[in-house]
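Presented below is the structure to which this report refers.
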Amino acid sequence: MDLLVLILALIKLPILSIAFGFASGLSVAGLIMPFYSSQGHNLDGMFTLFNFQRSEVVLGHFLYGLGFILLVILNYLCMAGLMTFLAPGQAGIEMVPAICLAMVGFLVFLLSVQYPFVINLDYGKALWSVVISLCIVMFLAPTVGTELSKTGLIGILICIVGVIVVLFSSIWLCIRLYQKKEF
């Protein structure tokens, strides 16, 4: 994908928004991938056989998700940096830090909403819950974020604190749900 975006930037197409769409779309799928792969092999049941505490398994899922988001953002920053050299007149380059901050907020919020469904219901049963929550977050996060960012720095800080509170509440809820789950 990165190579395709860079080739399109060389021929002077307005590629920054396309790259943002690719990055956010692929990361939505990547966040749920561990649950999809463990469904067929019953990895969660296997974790209970070993000396793992259930809270460690949940924290591992969240650590994977947060690490994945970090890698997506770093990839997007690298692509934007290369595009400044390949297409210096590209419109929107100055918006890259704001776009990255918004993408982090969106993806962490999405992770925080989807993981409790998947942990409680398993991936196969929670598929529609994941899709519906994705649609809700895709509408809610940009709308609330845009309205709060109009208020200036205080609105941005409210967004950041809100996402952090939702993340830690989701971790707490997932640990409680996973401890009650039977395999």
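A few comments on the model shown:
- Some residue of the stretch 43-51 being at pLDDT 80 or above, surrounded by 12 or more Cβ atoms within 10 Å (Cβ to Cβ), small (G, A, S) and assigned to a helix (DSSP H, G or I): no
- Search result, residues across the stretch 139-183 that are touching a Lys or Arg at 6+ places or on another chain (Cβ under 9 Å) and at pLDDT 90 or above: I175
- If the condition is being within 16 Å of L107 (Cβ to Cβ), surrounded by fewer than 16 Cβ atoms within 10 Å (Cβ to Cβ) and hydrophobic (A, V, I, L, M, F, W, C), then the stretch 142-164 contributes I160, I164.
- For the stretch 124-136, the set of residues classified as under 18 Å from P34 (Cβ atoms) and loosely packed, with under 12 Cβ neighbours inside 10 Å consists of G124, V131, listed by residue number.
- When residues in the stretch 138-182 are screened for being outside any helix (DSSP H, G or I) and farther than 30 Å from D122 by Cβ, 3 of them pass.
- Only a single item in (1) at pLDDT 75 or above; (2) under 12 Å from the mean Cα position of the chain (by Cα) is not met by G25, and it is number (1).
- A single member of F109, F139, F68 is surrounded by fewer than 13 Cβ atoms within 10 Å (Cβ to Cβ) and not small (G, A, S), and it is F139.
- Qualifying residue in the stretch 119-135 (condition: part of a helix (DSSP H, G or I), in contact with a Ser or Thr (Cβ under 6 Å, 6 or more places away or on another chain), free of Cβ contacts under 8 Å to residues at least 12 places away in the same chain and at negative phi): no
- Check on S170, free of Cβ contacts under 8 Å to residues at least 40 places away in the same chain, surrounded by 16 or more Cβ atoms within 10 Å (Cβ to Cβ), within 29 Å of Q53 (Cα to Cα) and not hydrophobic (A, V, I, L, M, F, W, C): no
- Condition met for I119 (among the hydrophobic types (A, V, I, L, M, F, W, C) and surrounded by 12 or more Cβ atoms within 10 Å (Cβ to Cβ)): yes
The values are calculated or read from the model by the stated rules, or taken from the named source; none is laboratory data. Worth saying up front: this structure is predicted, and the values here are computed from it rather than measured. Here the Cβ is made from the backbone with ideal geometry for all residues, glycine too, and neighbour counts use every protein chain on show.
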